[in-house]
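The values are calculated or read from the model by the stated rules, or taken from the named source; none is laboratory data. In this text the structure is predicted, and so the values were computed from the model without any measurement. Cβ placement follows ideal geometry from the backbone for every residue including glycine, while neighbour counts extend to all protein chains displayed.
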């Protein structure tokens, strides 16, 4: 089931779109905290975003830029400001399509379905995990922290994924090694230690000090 995030401050329009989207089998959520759209995006992990331009606090261009720092998820702008300048800006900011208000819900449906097919028929779905402002994109092996993107190795990506999926709980070294073996590369105790050490150095360089905690005689965790 595809998930669609609707970032629209007109509650009537937002609910109408949500109800319509849900009639053809998708899950939809309307954004509610317009100061923290990125947090809602990460929490909901949508496959597509419908984004208005005129919003409280920060406009749609700003949020499109913030989303693009962590994800390539399709974004469709929906706005009554449909002059050429706004359409060009929407595309330049990272938008994939633009639908002018008022619009026919069937046209919206057709455009959303087409974009979902084009994106996910040829691409694997990417997952995002967030903790203390750090956003891990498991699809492209990057960690973004306050706009700075860190490139991760395959093992580093897998380690962080396991730890962030279990945040607040200690993960044993054995469990981490088993997960790393899934990458078809042999991993022993020393290899795991080296990977953890290198990963910590990368995180510290980006300002994430003590992000990974050692739990003596158990393993590691993110708190």
Residue under evaluation residue 46, criteria (1) under 16 Å from residue 62 (Cα atoms); (2) modelled with pLDDT under 95; (3) surrounded by 15 or more Cβ atoms within 10 Å (Cβ to Cβ), criterion not met
(1)
Given (1) at pLDDT 85 or above; (2) part of a loop (DSSP other than H, G, I, E, B); (3) on the phi < 0 side of the Ramachandran plot, index of the condition residue 125 fails
(1)
If you check 38, 5, which single one turns out to be touching a helix residue (DSSP H, G or I) at 6+ places or on another chain (Cβ under 6 Å) and in a helix (DSSP H, G or I)?
38
Quick one: residue 70 ticks every box in (1) assigned to a loop (DSSP other than H, G, I, E, B); (2) in contact with a helix residue (DSSP H, G or I) (Cβ under 9 Å, 6 or more places away or on another chain); (3) modelled with pLDDT of 90 or more; (4) more than 23 Å from residue 109 (Cα to Cα) except a single one, so which number is it?
(3)
What tally of residues in segment 49-72 results from selecting those that are surrounded by fewer than 22 Cβ atoms within 10 Å (Cβ to Cβ) and under 18 Å from the mean Cα position of the chain (by Cα)?
7
Which strands (runs of 3 or more DSSP E) does segment 138-223 wholly contain that include 1 or more residues that are at pLDDT below 90 and within 20 Å of the chain's Cα centre (by Cα)?
148-151
Checking residue 119 against (1) surrounded by 18 or more Cβ atoms within 10 Å (Cβ to Cβ); (2) within 29 Å of residue 13 (Cβ to Cβ); (3) under 18 Å from the mean Cα position of the chain (by Cα): exactly one of these is not met. Which one?
(1)
State the number of residues belonging to segment 18-35 that are in contact (Cβ under 8 Å) with a residue 12 or more places away in the chain, more than 19 Å from residue 68 (Cβ to Cβ) and touching a helix residue (DSSP H, G or I) at 6+ places or on another chain (Cβ under 7 Å).
5
Note down all Cβ pairs under 6 Å where the first residue falls in segment 73-85 and is assigned by TED's automatic domain parsing to the domain that holds residue 107, the second is part of a loop (DSSP other than H, G, I, E, B) and buried (at least 20 other Cβ atoms within 10 Å of the Cβ), and they're at least six residues apart or on different chains.
75/95; 77/95; 78/52; 79/52; 79/53; 81/53
Just to be sure before I move on: is residue 90 in contact with a helix residue (DSSP H, G or I) (Cβ under 8 Å, 6 or more places away or on another chain) and either at pLDDT 85 or above or assigned to a helix (DSSP H, G or I) (or both) in the structure I sent?
yes
So for segment 22-29 (the condition being surrounded by fewer than 20 Cβ atoms within 10 Å (Cβ to Cβ) and under 21 Å from the mean Cα position of the chain (by Cα)), does at least one residue qualify?
yes
